[in-house]
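Read-outs throughout are calculated quantities, based only on the coordinates presented, and are distinct from any laboratory measurement. A quick note: this is a predicted structure, and the numbers were derived from the prediction, not measured.
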Amino acid sequence: MRSTSNPVFRNLPRQEAGNYANFGTGAAGAGQFGNQYGQQQYGQYGQQPYQPAPATRTMTIDDVVTKTGITLAVLTVAAIISYALSYNSPGLAPLFVIGGGLVGLVLVLVASFGNKMDNPAIVLPYAAFEGLFLGALSLMFTDVTFGGVGGSALIGQAVLGTFGVFAGMLVVYKTGAIRVTPRFTRMLLGAMVGVVVLALGNLIASFFTDGGFGLRDGGALAIVFSLVCIAIAAFSFLLDFDAADQLIRAGAPAKAAWGVALGLTVTLVWLYVEILRLLSYFQRD
């Protein structure tokens, strides 16, 4: 079974006899609705294809676009409010970054491991808290009050770059220029584990040595590390698109689009932060 680098999209259904089975039984993933809705609705995994209940509308690409748009709209509004409040009261910025980031992380973990990916009561609060995090973090990266550089123009460049990468990877996926294979997935997951370990190691080392390993100090090594993170985040979109595509083909219920929206938003947030960080390096003397 193919998995994905995004924690919200894991343990996807496999194809059997020309049809997709139901959504798996792993600990996390957008395809885990079998356990949540009951055997009578989805069937026993691996034994029979999914047959949607008569009153259940299946997910479409329009559902994915709509739910993702709503989620990003909530995130954007929260980010603008957070930026404005932090700009007028700089002391709020660290609170929004720490509080918003921690609550957003907790909500993602609850959604992933609690089989609640399709619950808008989880997805939309995540978007709101992540917006608080991003707005304040953007100010801290770009405002001289916090030692940042570039101003609001840098934020605009990061947003444009983020959605440019998203659009580019969507084209790559739709044209089949890069195929999502089990080997590709394993390589990407391995790369992600590697950068996470390095980032955590650098954070721990920074407590004892100024700059840690130099992965986030703006030097040449930091630039290379950010480029690697951006590349991994970009390629993660391919796995996310593939996961969403499989859910649509499997006949997942329409509310599953909230899980797809959550997964794509997680990747977009990561990509934006890495692009903003990289751009800030080039603004420094």
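Of note:
- Using θ = phi - 60° and Karplus 6.51 cos²θ - 1.76 cosθ + 1.60, couplings along the stretch 176-190 (whole Hz; Gly, Pro as x): x, 4, 10, 8, 8, 10, x, 5, 4, 5, 4, 5, 5, 5, x
- Cα-based reach from LYS174 at 26 Å (exclusive), listing lysines while leaving out same-chain residues under 8 positions away: LYS67, LYS255
- Centre-to-centre, using Cα atoms only, the stretch 110-150 and the stretch 244-285 are separated by 12 Å.
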